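For reference, the structure is listed below as structure tokens.
The values are calculated or read from the model by the stated rules, or taken from the named source; none is laboratory data. Keep in mind that this is a model prediction, so the values were computed, not measured. Heads up, the Cβs are rebuilt from the backbone with ideal geometry, glycines too, and the neighbour counts pull from every protein chain shown. Keep in mind that these areas ignore ligands, DNA and RNA; they rest on the heavy atoms of the full protein, side chains included. Shrake-Rupley method; radii C 1.70, N 1.55, O 1.52, S 1.80 Å.
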Amino acid sequence: MSYSKQHTIGQSVWCSGVALHCGLKVALVLKPAPVDHGIRFLRTDIPGCPSIRANYGNVVNTCQATTIGSAGMAVSTIEHLMAALYGCRVDNLLVELSGPEAPIFDGSAAPYVKLIQKASIVEQDAVRNYLTIQKPLTVSKGDSFIMATPCDEFQVRYEIDYPHPCVGKQQYSWSLKNGSFGREIAKARTFGFLKDVRKLQKMGLIQGGSLANSVVFDDHELLNVDGFRYADECVRHKILDFIGDLSLTGLPVLGSFAIRKAGHALHSRFLTELMDGKGYATSKPLDFESAYLSPEVSALA
Ligand SMILES: [Zn+2]
């Protein structure tokens, strides 16, 4: 029997870019890491260069982005990079950052996918465990919910409903197969509404926000002159955010997820309940020959 193996990257790669919320220019280096290392973030701008594991138990803030932190250090807006790593099936990596937040680039995960592909993805000599959903779990708040059920694939069905003529009700169903992350999800950008901009700026957020890194709507229309990348770009980006947050389980996941109008806070609550030891999920290796997964890595269309 041949089991699916863990992956890291073949060489270090770096880039820099503006961070969405703090507005600072931040340098980012992705470095290969040994088996069972997981994904760790290291702050090079803090004395002693503290690091932290990308894990749901380390989430300290879910306002407008996902932030992980521990004593004296935090790293925010990690979800797009985490989604790219998940989509490219990278298990072990060290992420060095020169500031408190990952760069936003164009607001999607596509620049991160390109960077990971530039570094090349290499198989490691260790079995890869999968988190498999064992029994249904629903977490809800008002009319928002996340429902997980057992499935031998990784599937997400997401529904949003914004009272705006350019968005409205959108639904998208997606499963991770043969490069589908790169083709269908990675390029979907983060989005926001002009009416919320001043309030968020007063809160110290979106200091680096612009039409170059966000899809923005006024009360009536889309402000980005180039339009959407997909007609349903908003709901696809919500799936991107969910994948990034779900990856904080530390393992690739097999299960079906039906989600309505969720966000980082509900994602975080869901992960805590999923992983609380009540038997909703268990980890095990996956027989590669019988798996739905192909050895191909995610490719951008
Ligand atoms: Zn996002």
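Consider region 220-251 and keep the residues that are open to solvent by 40 Å² or more (accessible area, probe 1.4 Å) and within 16 Å of the ligand (Cβ to nearest atom). The one that is nearest to the chain's Cα centre (by Cα) is ARG229. Where strands (runs of 3 or more DSSP E) sit wholly within region 23-81, those with at least 1 residues that are assigned by TED's automatic domain parsing to the domain that holds ILE116 and open to solvent by 40 Å² or more (accessible area, probe 1.4 Å) occupy 25-32, 39-43, 51-53, 59-61, 67-70.
Do we find a residue being in contact (Cβ under 8 Å) with a residue 60 or more places away in the chain, assigned to a strand (DSSP E or B) and within 13 Å of the ligand (Cβ to nearest atom) anywhere in region 195-211? No, region 195-211 contains no residue that is in contact (Cβ under 8 Å) with a residue 60 or more places away in the chain, assigned to a strand (DSSP E or B) and within 13 Å of the ligand (Cβ to nearest atom). Looking only at residues of region 252-291 that are open to solvent by less than 60 Å² (accessible area, probe 1.4 Å) and assigned to a loop (DSSP other than H, G, I, E, B), we find that the one that is nearest to ARG157 (Cα to Cα) is ALA262.
Yes/no matrix, rows are residues, columns are (1) surrounded by fewer than 21 Cβ atoms within 10 Å (Cβ to Cβ); (2) at negative phi:
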site	(1), (2)
ASP91	no, yes
PRO100	yes, yes
PHE105	no, no
ALA109	no, yes
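Can you confirm whether region 179-192 contains a residue that is open to solvent by 30 Å² or more (accessible area, probe 1.4 Å) and within 15 Å of the ligand (Cβ to nearest atom)? Yes - at least one qualifying residue is present in region 179-192. Applying the condition of being farther than 20 Å from SER175 by Cβ and in contact with a strand residue (DSSP E or B) (Cβ under 6 Å, 6 or more places away or on another chain) to region 74-90 and asking which residue is farthest from the ligand (Cβ to nearest atom) yields ALA74. When ILE160 is tested against (1) within 16 Å of the ligand (Cβ to nearest atom); (2) open to solvent by 60 Å² or more (accessible area, probe 1.4 Å), only condition (2) is not met. Pairs are defined by a Cβ separation below 7 Å, a sequence spacing of at least 6 or placement on different chains, a first member in region 88-101 that is under 17 Å from ASN129 (Cβ atoms) and of a type outside the set (Asp, Glu), and a second member that is part of a loop (DSSP other than H, G, I, E, B) and open to solvent by 20 Å² or more (accessible area, probe 1.4 Å); the pairs so defined are ARG89/VAL297; ASN92/PRO34; ASN92/VAL35; ASN92/HIS37. Filtered by the rule that a residue be of a type in the set (Asp, Glu) and more than 12 Å from the ligand (Cβ to nearest atom), region 96-119 gives GLU96, GLU101.
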